[in-house]
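This report concerns only the one structure given below.
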């Protein structure tokens, strides 16, 4: 579980000590809430992220410390193998939940580094959001601002397309892992005690 005291939040306050004190008091409230309720306001900002951070760790710790296993395993396997089979189910849940999380997923977009470099090059050549690509009409309109993306520039179109296709495939994979993990979680829900 992520610590409620997040360094970059304090860094973003800079030298504004009043903002830092407000943030510190808010973080203390979050600590109290986690102690009394089991969750805090920061956890509610992204419940899916919270779940994917907490549940794999919780299941791993549970799997390491289990003393028993569901009766189904005792009936189906020998005394020594029933625990191994139950551990395998728990390990599979942990694996699938970790694969569902973009931060812990072992699969990566093979075009990510090339795309990042191309994006930096695009920004250097054409400015933030392609401001140097704006037409005279777009520049003269003071009420709106047209953003240009690197996929609009022919020299970057191919890498953008490759990156986008790989991201969609990765997203489908992570969603499948999430569905499988939750199906396992649902199947064994009443057995997650020791």
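Bear in mind that the values in this text are calculations on the coordinates, not laboratory data. As the structure is a computational prediction, the values presented were derived from the model and not from experiment. For neighbour counting, all protein chains shown are included, and Cβ atoms are generated from backbone atoms with ideal geometry for every residue, glycine included.
Structure above, values below:
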{"item": "For the chain, built as a Gaussian network whose Cα springs stay under 10 Å, the top-fluctuating residue of 11, 29, 178", "result": "11"}
{"item": "Length released on extending from residue 164 to residue 54, taking residue separation times 0.36 nm less the Cα-Cα span", "result": "36.7 nm"}
{"item": "FRET efficiency estimate (nearest 0.05) - Cβ-Cβ, residue 128 to residue 47, R0 45 angstrom", "result": "0.85"}
{"item": "On Cα atoms only, tilt of 79-100 relative to the major axis of the chain in degrees", "result": "10"}
{"item": "Compactness of the chain as Cα Rg over 2.2 N^0.38 Å, two decimals", "result": "1.48"}
{"item": "Theoretical ellipticity at 222 nm over the chain - DSSP helices of four or more residues, -39500 (n - 2.57) apiece, nearest 500", "result": "-22000 deg cm²/dmol"}
{"item": "The chain: most fluctuating residue of 15, 45, 86 per GNM, C-alpha cutoff 10 Å", "result": "15"}
{"item": "Shape of the stretch 102-176, Cα gyration tensor, a/c cut at 1.5", "result": "prolate"}
{"item": "Calculated FRET value between residue 61 and residue 155, using beta carbons and R₀ = 35 Å, to 0.05", "result": "0.10"}
{"item": "GNM result for the chain, Cα springs below 10 Å: residue of 171, 140, 78 fluctuating most strongly", "result": "140"}
{"item": "Ratio Rg/Rh [Cα only; Rh per Kirkwood] for the stretch 1-86", "result": "1.25"}
{"item": "Label-point separation in nm, residue 34 to residue 10, each point 7 Å along Cα→Cβ", "result": "1.4"}
{"item": "Point-to-point label distance, residue 104-residue 182, nm (Cα→Cβ direction, 7 Å offset)", "result": "1.7"}
{"item": "Cα centroid of the stretch 124-194 to Cα centroid of the stretch 7-33, whole Å", "result": "31"}
{"item": "Rounded tilt (10° steps) of 112-126 against the dominant C-alpha axis of the chain", "result": "20"}
{"item": "Nearest-ten-degree value, helix 154-188 long axis tilted from longest Cα axis of the chain", "result": "20"}
